[in-house]
Structure formats: structure tokens, C-alpha cells
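Engineer: My questions all concern the structure below.
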Amino acid sequence: MDGKLARIVPPVLVIALLIALWWFIVARSDSPIFPTPWQVVTGAWELVEDGTLAQHIGASVFRVAIGFGLAFLVAIPLGLWMGWVSSAYYTLNPLFQMLRPISPIAWIPVAILWFGVGNMSPIFLIFISSVFPMIVQTTVGVRTIDRRYLRAAANFGVSRSVLFRRVVFPAVLPEIIVGMRIGIGVAWLVVVAAEMIALNSGLGYLIMDSRNAGNRYDLVIASMIIIGVIGLLLDGATRLLERQKTVKWRYVR
Amino acid sequence: MSDKQIIVEGITKRFGALPVVEGVGFDVRDGEFVAIVGPSGCGKSTLLNIIAGFERPDRGTVTIDGVRRTGPSRNGIMISQHGSVFPWLTVQENLMFGLRGTSQADNTELADRYIAMVGLAGFETAYPHELSGGMLKRVELARALVVKPEILYMDEPFSALDALMSLRMQNELRRILDEERHTVLLITHDVEEAIFLADRVLVLSPRPTAIQATFHVDLPHPRKLSSPQAQSLREAILKELGL
């Protein structure tokens, strides 16, 4: 079997097996609430047909895009600065190390208080959850640049701007991409949690609404699967960045 | 100004309470190849780093072309054991990194000429992780040479290579030095490498290091290490090193 098949066939088999098992158990137990895989598919299809599924997906993805985008714009310059300037690092790092372990869920009441129940709350929560891992990763990246590269740059007497563009930034780029992967993963976790509590759109809302409006567990399960698939796609997209020729050196070996 | 390009006077350096270099002084003429050998851990690299301007001595001065050395300069490029070829740039981009010409076309042409000179024509757009250790050393050498430095500082440049590749690189370096005139300061623990390449060999003592002996190698290139003169020189140097 060639390499590509070996990476596709076994995981697909495992998932197929799980679905078969699920079907079998539900059929045997005659559960009045828990759906069979086929009920999930037909339930989801209803939402596709009336267009609400696309709306919910769009709402969630939009919030992640804005929240993560803002976090990226703040974290990368801040992380580079903290990594390069020691006084900035010693001043700000303890604060960020303290804020980082606070679960984004704990911020939900604060977010509702500050921003109400509109789009701003989840965007704020996504920002909070993804900004710290990206700051930390970027900072560590700068601080662990191999000294021999900085020495070589100093040896050739290049200007500060060349040093930054041609040495510091490319040296840190692989770490930045790792930070982005962590950040986007957390952002996706958080948007669903935030939507379950405060909103009337998005995949998180869809889960809670389906349960509350007549125990539509087929839609609950369908949303969960869609959340998983989109998470996989987001991670795959950031993985594509790791394939770039200019960062590959960091991941080979 | 005298013909002495590098003047090292009374260099002393300690790390904390540990004296590493103790009063080292010597001169290097323009175009001369000086090898420095010594037991491992004796402070050879520290001495070279001070001369190249990467570290400050506690006492003593380094004067290059009549000017007191205060920091690194593109006039003298360091090539070290572990190498510092930028892995995120292609071979060609690495060579162009230090170039100052404003014409991109000229820079590219110059880079490609040196890539060919070290035998890497055809690898211009390759990334370092696609190259072997020996090829990386060639890139490093070419990147140093392309900015036309007067001095090359080499800190055990070939010691991470296998024995065969190391010999090949020594030959290569000698060939290049016949084409382009450079002053070279080479740190090595390989006595044969020193005899094969250098005009003069300085033997350093154990830490805190000082110059223990000086040998002149008055043999024409290309040198045969099996010649009686080279062999007796080798034995004399090894004796200084306590072997």
C-alpha cells in the first residue's frame, strides 16, 4: 500500500466502525431520544435546506476570524518586542503568564457585563483565549534564536532593518506558526462555549437551542460533528503554512 | 603603517574567577596564514572571538590595519565549527545577505560566481537543509569570501566533517587562497591540518592560555604531509602539546 493510502484508509475505517457501533447500539436499545446516524444526517439536511445551518456556521466562523485576527495583530508585534527587548520581557511576562492559565470560560460573565450579548462578547473571548498563546510562543521564539545567526548578521554589519527582516523574523516564523495553530484551536473551542451561553446564532447556540426546543438530539450530534470537521479544517490550514519552504528547516529532522 | 595587519597585545580574559587567556600577544602579516593549536578547552575559541571582535578582553588590545578593534566588522568574517548558514534562505540568498551593491543583477552574478568557485553550481536555489555537511561548509566559505574580507577567522571549521571531507575542504581552501589573497587565522586541534595550510603555527598552553611555542612552516604548496620535514615538524608540535 502506498504512503497516501496508508494515511487515509485506517482513520476512515476507524470512524466507519464507530458509526456502525453507534448505529447498532441505538437500534438495539430503542432509545426514544438518542438518534441513529441516519437521523443525524436527515436532521442536518433539513437545516441545510432551510439555510439555517449555513447561517450558524457563518456566524461562528466570522467571530473566530475577527477575534483571532485581532489577537494575531496584537500578539505578533508584542511578542517580537518582548522577545527582543529584555526590559519589556521582564515587565510584561509575569502578567501574561498569570492571565494565560485563566480559562476563557471564566471571562464569560465579564464579557457579558462589558459587551452585552451581541457579537462583541464572543469576539472578545476568542481574542482573550488566542492572544496569550501567540504572544508567549512568539516571545520564546525570539529569545531562543540561535546566537550564531545573530553573530553572523553582526559580522556582516547589516542594518537593523535587514537584521529584522532577514534574520530575526524568518528565524521566529516557525514558532509564530506553532502559536497560530494553538491559538486557532483554542479560539474554535471557545466560540462554541461562548455561543452556548449568550447568543442566538452560531453552532454553540444551535446545540443548546436544539436541546431546549424539543430534545432534537439529532441536531445536537450533527452540530458536534460539524464543529469537529471545521476544527480539523482550521488545523489543516495552519499546517499548510508549515510546508512553506522558508520554514521547513524548523520541522525537518 | 607597518606590514602587520593584526596586532594582538597582552590579551587577558577571565570568566568570573576562572582565568582563560593570560597575556597573549602576536602579530600577523597581511596575507599570512597563522594556525593556532592547543589542547581542548584551553581558551582558543575565546581568543579568536576576542580578535574577531565578538568578545571584549579584560586587558590588552587588538589592532587591525592600525585601528583599535572594538566590535565585529565585515572586514574579517568568522567561520565556526557549527556553521551559521541561514536555514531560511537559499544558497544564493545566503551569499547575497552580506552584499551591499545596490544592483540586484550585479549581486546575483557575484553570488553565483562564488557559488561556482566552491563547486556548488546548480545548487543556487537549494535550501540548506537539502545539502550535506560538506556542502554547507562550502556555502559558509563562499558567503564569507563573497564580501571580500581581508581576514578570515576560522574556528575549527572542518572538525564537524568526516575525515575524508575534512581533507577535501583543506585542499579546497588552499586552492581558493591561491586565487584570492586573504589573511587567515585558523584555530584547530588538528596538527596536520595546521601544517598543511599555515605559514606559521602557534602552540598554546593549557588554561589560562599563553603562547608556548611558534613554528614556521617553510614548505612550498601543495604540501606533502608525508615529507620528512613535515613529519619532523609534526613531531615537534605534538611534543609541545605533551604527546
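The numbers here are math on the coordinates, done by the rules we state, and not lab data. No experiment lies behind these values; they were computed from the predicted model shown. Note that each Cβ is placed from the backbone with ideal geometry, even for glycine, and that neighbours are counted across all protein chains shown.
Engineer: List B:His129, B:His182 from most exposed to least, where exposure is judged by having the fewest other Cβ atoms within 10 Å.
Structural biologist: Details: B:His129 15, B:His182 20.
Neighbour counts put them in this order, fewest first: B:His129, B:His182.
Engineer: Which distance in Å, rounded to a whole number, links the C-alpha centroids of the range B:203-217 and the range B:103-146?
Structural biologist: Using only Cα atoms, the two centres lie 35 Å from each other.
Engineer: Dipole magnitude of the range A:1-88 about its Cα centre, charges +1 at Lys/Arg Cβ and -1 at Asp/Glu Cβ only, in debye to the nearest 20?
Structural biologist: 360
Engineer: Please give the charge dipole size of the protein assembly as shown, origin at the Cα centre, charges +1 on K and R Cβ atoms and -1 on D and E Cβ atoms. Round to the nearest 20 debye.
Structural biologist: Value, rounded to 20: 640 debye.
Engineer: How much length is gained on full extension from A:Arg28 to A:Leu241, taking 0.36 nm per residue of separation minus their Cα-Cα distance?
Structural biologist: Gain in length upon complete extension: 72.1 nm.
Engineer: Using a Debye calculation, one point per C-alpha and no hydration shell, please list log10 I(q)/I(0) for the protein assembly as shown at q = 0.07, 0.12, 0.13 Å⁻¹ in order.
Structural biologist: Calculated log10 I(q)/I(0) at the listed q: -0.58, -1.08, -1.20.
Engineer: Arranged by the count of other C-beta atoms within 10 angstrom, fewest first, what order do B:Ser227, A:Ser121 take?
Structural biologist: B:Ser227, A:Ser121
Engineer: At 222 nm, what value in deg cm²/dmol follows for chain A if DSSP H runs of at least 4 each add -39500 (n - 2.57) and the sum is divided by all its residues, to the nearest 500?
Structural biologist: -26500 deg cm²/dmol
Engineer: In addition: Just rank B:Met165, A:Met180, fewest to most, by other beta-carbon atoms within 10 angstrom.
Structural biologist: On the way: B:Met165 17, A:Met180 24.
The fewest-first ordering by Cβ neighbours comes to B:Met165, A:Met180.
Engineer: Relative to the first principal axis of the alpha-carbon coordinates of chain B, what is the inclination of helix B:228-240, with its axis defined by its Cα atoms, in degrees from 0 to 90 and to the nearest 10?
Structural biologist: Once rounded, one gets 60 degrees.
Engineer: Quick one: how many lysine pairs does the protein assembly as shown have with C-alpha atoms less than 27 Å apart and a gap of 8 or more or different chains? Give me the count, please.
Structural biologist: Counting lysine pairs in the protein assembly as shown gives 16.
Engineer: Run a plain Debye calculation on the range A:134-253 (Cα atoms as equal point scatterers, no solvent) and give log10 I(q)/I(0) at q = 0.21, 0.23 Å⁻¹, rounded to two decimals, same order as the q list.
Structural biologist: Reported log10 I(q)/I(0), two decimals: -1.11, -1.22.
Engineer: Give the share of C-alpha pairs in each 5 angstrom bin for the range B:76-148, from 0 to the last occupied bin, in whole percents, shortest bins first.
Structural biologist: Over the range B:76-148, the share of Cα pairs per 5 Å bin runs 3, 19, 33, 27, 14, 4, 1 percent.
Engineer: For chain B, taking Cα atoms only, what is the radius of gyration to one decimal and the Dmax to the nearest whole Å?
Structural biologist: Expressed in Å, the Cα Rg and Dmax of chain B come to 18.1, 54.
Engineer: Using unit Cβ charges (K, R positive; D, E negative) and no other charged atoms, how large, in debye to the nearest 20, is the dipole of chain A about its Cα centre?
Structural biologist: In total the dipole reaches around 1680 debye.
Engineer: Starting from the Cα-Cα distance between B:Glu192 and B:Asp27, subtract it from 0.36 nm times their residue separation and give me the gain in nm to one decimal. Mind showing how you got there, number by number?
Structural biologist: Numbers: separation 165, 0.36 × 165 = 59.40 nm, distance 2.25 nm.
Computed gain between B:Glu192 and B:Asp27 is 57.1 nm.
Engineer: Over all residues in A:233-246, what is the mean tally of Cβ atoms on other chains that come within 10 Å of each residue's Cβ?
Structural biologist: On the way: counts 0, 0, 0, 0, 0, 0, 0, 0, 0, 0, 0, 1, 6, 6.
Mean partner shielding for this stretch: 1.
Engineer: Using just the C-alpha positions of chain A as equal point scatterers, what log10 of I(q)/I(0) does the Debye formula give at each q in 0.11 1/Å?
Structural biologist: The Cα Debye sum returns log10 ratios of -0.75.
Engineer: Could I ask something else about it? Net charge near B:Ala236: determine it from the other residues with C-beta under 14 Å of the C-beta of B:Ala236, scoring Lys and Arg +1 and Asp and Glu -1.
Structural biologist: Neighbourhood net charge equals -1.
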